[in-house]
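A.B. asks: Right, I'll just put the structure down here and ask away after.
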There are 2 protein chains.
Amino acid sequence: MDFFDLIDKRRSVRKFSNESIPEEVITKALEAAVLAANSSNLQPWEFYWVKSRNKKDDLIKACFSQNAAKTAQELIVAVSRIDTWRRNRNLILKHYKEKGELLPIVEKYYNKVVPLAYAHDRIGILGLLRKIISFFISFIGLFKPVARGPIFRHDVFEIVTKTTALACQNFMMALVAQGYDSCPMEGFDHTRVKKILKLSSKSHVVMVLGVGKADPKGIYGERFRIDEDLVIKII
Amino acid sequence: MDFFDLIDKRRSVRKFSNESIPEEVITKALEAAVLAANSSNLQPWEFYWVKSRNKKDDLIKACFSQNAAKTAQELIVAVSRIDTWRRNRNLILKHYKEKGELLPIVEKYYNKVVPLAYAHDRIGILGLLRKIISFFISFIGLFKPVARGPIFRHDVFEIVTKTTALACQNFMMALVAQGYDSCPMEGFDHTRVKKILKLSSKSHVVMVLGVGKADPKGIYGERFRIDEDLVIKII
């Protein structure tokens with residue numbers, strides 16, 4: 001199917017039929033997900049495919065038992081993490097070293113620049129330090145462009161969640177490309193979802209994705225978008 | 001082209017050729033972008049297509065004159081906003097009313113639930129109030145699933161940026177589907193970019209997208225992803 005037909009076809013499905021979905025469909029969609037663009041290639045995402053019946057029941061409850069969760073054949077939780085950058089950075093450097101392709105500029109970027117952006121402590125001392133430094137940097141910024149962030153822990157969370165969302169859109173589109181549907185849910189008890197997945201405070205639950213084949217009444221109404229002129233601006 | 005071939009083909013291009021890109025290609029990709037899934041259909045995104053030579057030069061400088069910006073035929077800035085929800089919510093309600101399809105549950109959702117999540121003041125008083133309320137809600141949360149956020153202004157920013165990223169991935173994929181390439185950039189002076197676009201503190205610059213046709217040397221090395229087992233987990 002043409003890409004733009006897939007774009008048209010992707011809708012959030014709130015009720016799924018009882019047709020099961022082959023494992024390889026999900027796997028293929030997850031593999032497409034992690035090929036998304038991402039910040040500094042640090043791949044701070046995680047996808048939890050919740051198959052255990054008990055965990056699935058708990059997850060449905062944590063999603064307030066909404067139809068999109070209750071009727072989903074499969075449930076996948078997209079998670080962003082602010083603490084996997086060090087491991088992933090090391091894997092990236094190892095990969096380039098082994099291939100004999102590690103450029104000094106790349107090594108410097110991952111060893112010097114990335115930690116400046118991503119290193120954080122729980123209390124927020126590093127964030128405070130960054131805030132003070134950024135105050136001084138803003139004076140230099142009067143004369144030339146400067147990098148001004150991320151500063152606080154929540155700024156890093158915004159970056160990793162943003163990157164994970166790129167992968168989520170790929171995931172949803174990859175399901176449509178294979179004839180299946182999804183519903184991205186943000187209405188859930190995030191504390192409970194994190195408990196089910198055994199996640200620490202260094203993770204955010206980006207969305208819970210219900211997956212299956214749409215029930216004939218699974219799409220609630222026509223798609224509505226506000227006028228393009230309100231959101232697409234030529235300047 | 002098959003969707004999964006498009007997924008393989010989409011790479012971040014750091015250097016573009018001097019082949020120009022037809023206007024309708026960008027327009028079509030932007031129209032695909034805003035059909036992405038998004039939070040409560042509130043469409044908190046904005047896409048600025050920077051065509052003015054002066055503004056474009058300023059934007060390139062604000063992106064530290066990196067190749068991906070300097071050589072891009074077109075530059076588009078994706079922005080997320082925490083202040084357009086009220087306007088968009090009203091447009092949604094008007095649309096459904098006019099069609100005679102406004103269900104009481106939908107009206108209640110947009111008039112009661114959405115403001116609880118999105119209303120914010122600059123100083124953060126509402127955020128603080130929410131934090132206090134959420135403290136009490138967490139006791140109820142011991143017994144049943146509860147909604148616990150968003151609480152602070154930065155939580156709302158994470159939501160709108162997440163949603164805007166979904167649209168960005170569509171945009172990049174829609175370019176590949178039409179034979180063009182892009183580079184999503186996060187390395188820029190956000191204060192300067194916001195100044196160029198005349199944005200307030202209620203907006204975040206999600207990414208600057210350089211667009212064009214890849215130069216033969218435009219892709220820096222093979223794609224590398226860490227082992228799937230590290231990020232795709234079956235539980």
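A.B. asks: Quick one: is B:Ala32 of a type in the set (A, V, I, L, M) and more than 8 Å from chain A (Cβ to nearest Cβ)?
C.D. replies: Taking the combined requirement at face value, the residue does not satisfy it.
Let's see how each residue does on (1) within 10 Å of chain A (Cβ to nearest Cβ); (2) out of contact with any Leu (no Cβ under 6 Å at 6 or more places or on another chain); (3) of a type in the set (Lys, Arg):
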site: B:Glu19; (1), (2), (3): no, yes, no
site: B:Thr27; (1), (2), (3): yes, yes, no
site: B:Asn41; (1), (2), (3): yes, yes, no
site: B:Ser52; (1), (2), (3): yes, yes, no
site: B:Phe64; (1), (2), (3): yes, yes, no
site: B:Val79; (1), (2), (3): yes, yes, no
site: B:Tyr96; (1), (2), (3): yes, no, no
site: B:Leu103; (1), (2), (3): yes, yes, no
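A.B. asks: Inspect all residues belonging to segment A:208-231 and state whether any of them is out of contact with any strand residue (DSSP E or B) (no Cβ under 7 Å at 6 or more places or on another chain), charged (D, E, K, R) and under 17 Å from B:Gly149 (Cα atoms).
C.D. replies: No.
A.B. asks: Now a separate question. Which ones in segment A:93-103 are exposed (fewer than 11 other Cβ atoms within 10 Å of the Cβ) and part of a helix (DSSP H, G or I)?
C.D. replies: Matches in segment A:93-103: A:Glu98 only.
A.B. asks: So, in segment B:93-117, exactly how many residues are free of Cβ contacts under 8 Å to residues at least 12 places away in the same chain and of a type in the set (Ser, Thr, Tyr)?
C.D. replies: Residues that pass the stated criteria total 1.
A.B. asks: Given the conditions (1) touching a His at 6+ places or on another chain (Cβ under 9 Å); (2) more than 9 Å from chain B (Cβ to nearest Cβ); (3) of a type outside the set (A, V, I, L, M), which single one is not true for A:Thr71?
C.D. replies: Answer for A:Thr71: the failing condition is (1).
A.B. asks: Mind checking which residues of segment B:1-13 are more than 8 Å from chain A (Cβ to nearest Cβ) and buried (at least 20 other Cβ atoms within 10 Å of the Cβ)?
C.D. replies: Matches in segment B:1-13: B:Arg11, B:Val13.
A.B. asks: Suppose the filter is in the same structural domain as A:Leu35 (by TED's automatic domain parsing), buried (at least 18 other Cβ atoms within 10 Å of the Cβ) and either modelled with pLDDT under 95 or at negative phi (or both); does A:Val114 pass it?
C.D. replies: In short, no.
Condition check ((1) crowded, with 17+ Cβ neighbours inside 10 Å; (2) at pLDDT below 90; (3) under 22 Å from A:His204 (Cα atoms); (4) in the same structural domain as B:His204 (by TED's automatic domain parsing)) across all residues:
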site: B:Ile105; (1), (2), (3), (4): no, no, no, no
site: B:Gly127; (1), (2), (3), (4): yes, no, yes, no
site: B:Phe135; (1), (2), (3), (4): no, no, yes, no
site: B:Ile140; (1), (2), (3), (4): no, no, yes, no
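A.B. asks: So, one more: How about segment B:165-195: which of its residues are of a type outside the set (A, V, I, L, M, F, W, C) and more than 8 Å from chain A (Cβ to nearest Cβ)?
C.D. replies: B:Gln178, B:Gly179, B:Tyr180, B:Asp181, B:Ser182, B:Lys194, B:Lys195
A.B. asks: Identify the residue in segment B:160-186 that is β-branched (Val, Ile, Thr) and surrounded by 24 or more Cβ atoms within 10 Å (Cβ to Cβ) and, among all such residues, is nearest to A:Pro184 (Cα to Cα).
C.D. replies: B:Thr163
A.B. asks: For residues that are over 20 Å from A:Ala165 (Cα atoms) and outside any strand (DSSP E or B), tally how many sit in segment B:70-84.
C.D. replies: Looking only at that region, the number is 6.
A.B. asks: Can you confirm whether segment B:187-201 contains a residue that is within 27 Å of A:Phe171 (Cβ to Cβ), surrounded by fewer than 20 Cβ atoms within 10 Å (Cβ to Cβ) and not small (Gly, Ala, Ser)?
C.D. replies: For segment B:187-201, residues within 27 Å of A:Phe171 (Cβ to Cβ), surrounded by fewer than 20 Cβ atoms within 10 Å (Cβ to Cβ) and not small (Gly, Ala, Ser): absent.
A.B. asks: Still on this structure, I have one more. Given the criteria surrounded by fewer than 23 Cβ atoms within 10 Å (Cβ to Cβ), at the interface with chain A (Cβ under 8 Å from one of its Cβ atoms) and farther than 23 Å from B:Leu75 by Cα, does B:Lys233 qualify?
C.D. replies: Here the answer is yes, as B:Lys233 does meet what is asked.
A.B. asks: Can I ask one more? Filter segment A:58-69 for residues that are closer than 15 Å to A:Pro184 by Cα, out of contact with any Cys (no Cβ under 8 Å at 6 or more places or on another chain) and part of a helix (DSSP H, G or I) and give the result.
C.D. replies: Matches in segment A:58-69: A:Leu59, A:Ile60, A:Ala62, A:Asn67.
A.B. asks: Here's something else I'd like to know. Can you give me the ranges of the helices (runs of 4 or more DSSP H) entirely in segment B:118-235 with at least 2 residues that are in contact (Cβ under 8 Å) with a residue 60 or more places away in the chain?
C.D. replies: Here the list reads B:153-177, B:190-197.
A.B. asks: Among the residues of segment A:150-159, what is the count of those that are modelled with pLDDT of 95 or more and more than 10 Å from chain B (Cβ to nearest Cβ)?
C.D. replies: 1
This table checks each residue for (1) surrounded by fewer than 22 Cβ atoms within 10 Å (Cβ to Cβ); (2) touching a residue at least 24 places away in the same chain (Cβ under 8 Å); (3) under 20 Å from A:Glu186 (Cα atoms).
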position	(1), (2), (3)
A:Pro22	yes, no, no
A:Ala32	no, yes, no
A:Leu35	yes, yes, no
A:Trp45	no, yes, yes
A:Lys56	yes, no, yes
A:Asp83	yes, yes, no
A:Leu91	yes, no, no
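A.B. asks: Separate question: With (1) at the interface with another protein chain (Cβ under 9 Å from one of its Cβ atoms); (2) within 25 Å of A:Thr161 (Cα to Cα); (3) touching a Leu at 6+ places or on another chain (Cβ under 8 Å) as the list, and A:His204 as the residue in question, which single condition is left unmet?
C.D. replies: (3)
The values are calculated or read from the model by the stated rules, or taken from the named source; none is laboratory data. The model shown is predicted, which means the values in this text are computed figures rather than measured ones. Positions of Cβ are generated from backbone atoms using ideal geometry, with glycine treated the same way; all protein chains shown enter the neighbour counts.
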